[in-house]
Amino acid sequence: MQRSLSGFYVFAVAARHLSFTAAAKELFVTQGAVSQQIKNLEEELGFKLFTRKTRRLELTREGVKLAETLLYSFRSIESALDDIASLKDNPVREQSHFSSHNTELNREWVEWAIAKINSDYHRTADTNLIKVNLKAHPEIDIYFKDESTHPTGSFKHRLARSLFIFALCHGWVQKGTTIVEASDGSMAVAEAYFAALLGLPYIAVMPSDASQKKMDKVSFFGGKCHLVEDSSQLRIIAQSLAEEHNGLFMDQHLYAERVVGWRSGNNIAESIYKQMKEEQHPHPKWIVLGIGTGGTSALIGRYNRFHLKKTKLCAVDPENSVYFDFYQTGNPNLVCRQKSRVEGIGAPEVEPSFIPGIIDRMMKIPDAATYASLHYLEKLLGRKCGGSTGTNFYGVLQLVREMSEKREQGSIVTMIADSGENYLNTYYNQDWLSMKEFPVEEYYNQIDHFCEKGKWKELNLPSK
Ligand SMILES: *Cc1c(COP(=O)(O)O)cnc(C)c1O
């Protein structure tokens with residue numbers, strides 16, 4: 001590679017600070033020198049790394065990608081240099097076959113921490129599986145796994161627990177380690193809970209328009225919220241904050257698919273099948289899920305394969321998300337400029353924990369249909385559910401429709417990932433809905449008619 005490493009280094013430092021002035025200070029050079037180096041690098045690479053906003057600097061999409069890689073790389077160079085230095089100080093180690101890693105690890109504390117999480121788990125009860133039937137389609141049983149009853153109010157509680165156990169077992173977390181995460185809400189609340197349980201400082205890097213309720217809950221558990229204007233920068237900022245605090249960037253999107261044991265054990269898949277055991281149709285035809293990190297679908301899909309289940313997995317995707325298109329085209333470089341309007345699901349770029357191979361089918365659900373479903377569910381279940389439950393339900397209805405056309409009987413399982421109380425100002429607020437001009441009423445009538453009378457009426461909506 002013909003490129004100058006020093007340009008990359010200057011860029012990495014500037015990206016970490018998001019400021020040329022601060023980078024210049026760290027590098028003992030002038031601000032002009034930093035600016036020039038970055039300009040040279042941009043010319044050499046043929047794309048912009050930063051956009052200059054009034055009074056602040058932002059990374060471009062390309063800049064984010066490059067900075068993430070560079071920060072990891074420079075960090076591993078440094079840790080290799082540390083290892084080499086420790087060899088020099090301690091020649092005995094040269095002959096040792098043992099790694100010098102984690103000699104400082106406070107094993108006693110780690111054991112205490114794992115026991116603490118396990119006993120917390122032991123005190124919690126499993127979540128309910130709620131059964132409903134639609135008036136016009138009584139032959140098909142619909143089940144909602146109600147994950148809103150976890151101590152932190154969403155099924156991210158399970159994932160947070162697994163992430164902490166995973167990090168502890170890897171020796172990544174010790175007494176006092178600051179935990180950092182990039183999250184737009186539920187995950188931050190759940191992780192703040194476990195950080196508090198272990199007495200660890202916690203910082204959630206969140207978009208500045210994240211829900212106030214969720215920020216309040218993070219604070220309730222003693223965590224801090226670090227707000228960021230541009231949500232495409234969440235990960236890079238989380239990573240550099242973690243470095244600054246010598247802490248751990250938990251990185252839910254990277255690890256979600258691998259931290260939960262899927263062969264057996266206490267996971268949501270096993271829980272669903274256990275609870276279905278005495279039902280009339282104990283083997284669901286479908287499990288319907290929205291995709292956020294992709295962790296839950298990866299877990300249930302693998303579990304199904306491994307245990308030779310006939311149950312199929314249907315994933316639902318909201319508007320402003322790339323998962324559906326990625327599933328169709330296999331193109332991993334898709335980008336969506338706008339943010340998903342269904343909290344918890346959808347993503348502007350393909351996240352690493354999304355594993356398309358274990359999904360049997362995918363549907364794109366209009367956001368208006370999601371909101372209408374929420375309002376209908378209020379009638380059906382007598383309660384308010386979180387946004388992704390609406391997307392799930394509209395997906396379920398498509399499958400009910402197909403099954404009933406083929407005169408099939410059976411069961412479908414889906415999830416209530418969180419409760420509606422977080423969304424009173426949005427999905428449940430008439431002004432918010434009318435401001436956005438969603439054709440919610442049309443979808444509501446369609447759903448209502450299908451559930452009560454049995455016929456599916458296609459909508460003739462004017463295209464936007
Ligand atoms: C995270 C989340 C999902 C999606 O689950 P993943 O396992 O991350 O794919 C669905 N609904 C809500 C409310 C969520 O917070």
(request) May I ask for the distance between the Cα centers of region 426-464 and region 278-343, given as a whole number of Å? (result) 24 Å
(message) Below 8 Å, C-alpha to C-alpha, sequence gap of six or more: please give me the relative contact order for the chain in percent.
(response) 13 percent
(request) Calculate the dipole size of region 347-403 relative to its Cα centre from +1 charges on Lys and Arg beta carbons and -1 charges on Asp and Glu beta carbons; express the result in debye to the nearest 20. (result) 300 debye
(request) Could you give the size of the charge dipole of region 271-415 about its Cα centre, using +1 on the Cβ of each K and R and -1 on the Cβ of each D and E, expressed in debye and rounded to the nearest 20? (result) 400 debye
(message) With the crude spin-label approximation of a point 7 Å out along Cα→Cβ, what separation in nm comes out for residue 333 versus residue 76?
(response) 2.3 nm
(request) Filter the cross-link list 131/453; 131/285; 145/274; 131/156; 214/436 down to pairs whose alpha-carbon distance in this structure exceeds 18 Å. (result) 131/453; 131/156; 214/436
(message) More than 18 angstrom separation, counting every C-alpha pair in region 147-218; what % is that?
(response) 34 percent
(request) Enumerate the amide H contacts of residue 225 below 5 Å, restricted to partners 5 or more residues apart or on another chain; note that Pro and chain-start residues carry no placed amide H. (result) 204
(message) About the Cα centre, and with charges only on the beta carbon of Lys, Arg (+1) and Asp, Glu (-1), how big is the dipole of the chain? Nearest 20 debye, please.
(response) 560 debye
(request) Any chance you could run the full-extension gain for residue 27 through residue 266? It's 0.36 nm times the residue separation minus the Cα-Cα distance, nm to one decimal. (result) 81.1 nm
(message) On a straight-distance basis, which lysines could pair with residue 175 in a cross-link, Cα separation under 19 angstrom, same-chain partners fewer than 8 positions away excluded?
(response) 116, 224
(request) Please identify every one of the GluC sites (Glu not before Pro) in region 187-266 that sits in a loop by DSSP and has no more than 16 other beta carbons within 10 Å of its own beta carbon. (result) 229
(request) Place +1 on the Cβ of every Lys and Arg and -1 on the Cβ of every Asp and Glu in region 292-444, take the dipole about the Cα centre, and give the residue among 392, 295, 358 whose Cα lies farthest towards its positive end. (result) 358
(request) Note the per residue figure in Å³ for the convex hull of the C-alpha positions in region 1-92. (result) 111 Å³
(request) Just need log10 I(q)/I(0) for region 136-295 at q = 0.14, 0.15, 0.18 Å⁻¹, Debye formula, equal scatterers on the alpha-carbon atoms, no solvent, rounded to two decimals. (result) -0.73, -0.82, -1.08
(request) Relative to the longest principal axis of the C-alpha atoms of the chain, give the angle of the C-alpha long axis of helix 156-169, reported between 0 and 90° and rounded to the nearest 10°. (result) 30 degrees
(message) Please list, by residue number, every one of the trypsin sites (Lys or Arg not before Pro) in region 124-167 that is coil in DSSP and has at most 15 other beta-carbon atoms within 10 Å.
(response) 135
(message) As I understand it, the dipole of region 95-247 uses +1 on the Cβ of Lys and Arg and -1 on the Cβ of Asp and Glu, about the Cα centre. Which of 240, 188, 138 lies farthest toward its positive end?
(response) 138
(request) Let me know the volume per residue of the alpha-carbon convex hull for region 218-352, in Å³. (result) 161 Å³
(message) Run lengths n ≥ 4 of DSSP H only: what is the helix-derived mean residue ellipticity at 222 nm for the chain, with -39500 (n - 2.57) per run over all residues, to the nearest 500?
(response) -15000 deg cm²/dmol
(message) Using only Cα atoms and rounding to the nearest 10 degrees, what angle (0 to 90) does helix 367-381 make with the longest principal axis of the chain?
(response) 60 degrees
(request) Please pull out the direction-averaged projected area of the chain, using the convex hull of its alpha-carbon atoms, in nm² to one decimal place. (result) 26.2 nm²
(request) Quote the Stokes-Einstein diffusion coefficient, in whole µm² s⁻¹, for region 420-462, based on the Kirkwood radius over alpha carbon pairs, a temperature of 25 °C and a viscosity of 0.890 mPa s. (result) 209 µm²/s
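Any read-out appearing in this document is the output of simple, stated calculations on the displayed coordinates, not a laboratory observation. Because the structure is predicted, anything quoted here is derived from the model rather than measured. Here the Cβ is made from the backbone with ideal geometry for all residues, glycine too, and neighbour counts use every protein chain on show.
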